[in-house]
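Here the structure comes first, spelled out in structure tokens, and everything after it is commentary.
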Amino acid sequence: MDLAKSQEQIMSRLKTRGPQSVKILSNQLGMTTMGIRLHLAEMKEKNLVTQTREEKQVRGRPVHLWRLTEMGHQRFPDGHSQVTLELIDAIQQSLGEKSLNALIDHRSNQLAEYYEQELRAAGNDIQSRVERLAELRSDEGYMAQVRLLPDGWLLIENHCPIFSAANKCQQFCHSELSCFQALFTELANVERVDHTLTGARRCAYKLSPIEEV
């Protein structure tokens, strides 16, 4: 299903920012509200976007927000999902759950070694390391970004290119969290605060600096 460039931009914005109003999309993308509405109407006909219930505002009239549908989220790649699921099933049946988890942990450890080399080159401070990690994860298809918080940092993964595999075997998620925690040992506590497998639109990890004693 081919989309106009402006529609692809709207899709990307809804993926990375969550539900948005027509006015906000207009301001962010430099398009007229009429143009945004026309694109959204066409995308709604293709079942890519839908409207949420009215959101109450502090002032003014309630506004409708637009979000991606399940089909809209599926426009973003889930790398070789069918083949991956078949391999997971084959390993579970032939080697067992324990062996599958061990293989996933081995993969995670290899990634952690690679990440550590890249993060070490970026610097020893938390912000430099988490920003470099976000770049690496984006290269892998996670659409990652970093936000500064009053009490730390938030590493956001707006897309999961292995969602089908993670949904089939949650060891992928456990290993990911353990990997991130190991990368910031003695620098920050890492906790998952959003998780796509529990219904969130994204995965997010909060990094809280460890205070020196």
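The values are calculated or read from the model by the stated rules, or taken from the named source; none is laboratory data. Please read these numbers as outputs of a predicted model, since none were measured by experiment. Here the Cβ is made from the backbone with ideal geometry for all residues, glycine too, and neighbour counts use every protein chain on show.
Tally up the residues in segment 6-55 that are of a type in the set (Lys, Arg) and under 22 Å from the mean Cα position of the chain (by Cα), please. Steps first, please.
First, the residues of segment 6-55 that are of a type in the set (Lys, Arg): 13, 15, 17, 23, 37, 44, 46, 53.
Then keep just the ones that are under 22 Å from the mean Cα position of the chain (by Cα); that gives 13, 15, 17.
Of the residues in that region, 3 qualify.
Return yes or no: is Cys179 out of contact with any Ser or Thr (no Cβ under 6 Å at 6 or more places or on another chain), of a type outside the set (Asp, Glu), surrounded by 17 or more Cβ atoms within 10 Å (Cβ to Cβ) and within 25 Å of Phe76 (Cα to Cα)?
In short, no.
Of the residues Arg147, Arg129, Arg137, which is among the basic types (Lys, Arg), within 17 Å of Ala112 (Cα to Cα) and under 16 Å from the mean Cα position of the chain (by Cα)?
Of the residues listed, the single one that is among the basic types (Lys, Arg), within 17 Å of Ala112 (Cα to Cα) and under 16 Å from the mean Cα position of the chain (by Cα) is Arg137.
Return the residues of segment 164-174 that are surrounded by 20 or more Cβ atoms within 10 Å (Cβ to Cβ) and either out of contact with any helix residue (DSSP H, G or I) (no Cβ under 6 Å at 6 or more places or on another chain) or of a type in the set (Gly, Ala, Ser) (or both); say none if nothing qualifies.
Ala165, Ala166
Out of all the residues in segment 108-139, which are exposed (fewer than 13 other Cβ atoms within 10 Å of the Cβ) and out of contact with any helix residue (DSSP H, G or I) (no Cβ under 7 Å at 6 or more places or on another chain)?
Result: Gln110, Glu113, Tyr114, Gln117, Arg120, Ala121, Asn124, Asp125, Asp139.
Residues to consider are Leu100, Leu119, Leu111; find the one that is out of contact with any His (no Cβ under 7 Å at 6 or more places or on another chain), part of a helix (DSSP H, G or I) and either outside the structural domain of Pro161 (by TED's automatic domain parsing) or farther than 30 Å from Thr16 by Cβ (or both).
Leu100
Pairs please, first residue from segment 70-83 and closer than 16 Å to Arg13 by Cα and modelled with pLDDT of 65 or more, second anywhere and surrounded by 13 or more Cβ atoms within 10 Å (Cβ to Cβ) and β-branched (Val, Ile, Thr), Cβ atoms under 7 Å, 6+ apart in sequence or on different chains.
Hits for this filter: Gly72/Val49.
Can you find a residue that is touching a Phe, Trp or Tyr at 6+ places or on another chain (Cβ under 7 Å), in a loop (DSSP other than H, G, I, E, B), in the same structural domain as His195 (by TED's automatic domain parsing) and of a type in the set (A, V, I, L, M, F, W, C) anywhere in segment 162-171?
Yes, that holds for at least one residue.
Within segment 23-51, how many residues are touching a strand residue (DSSP E or B) at 6+ places or on another chain (Cβ under 7 Å) and within 14 Å of His64 (Cβ to Cβ)?
So the count comes out to 5.
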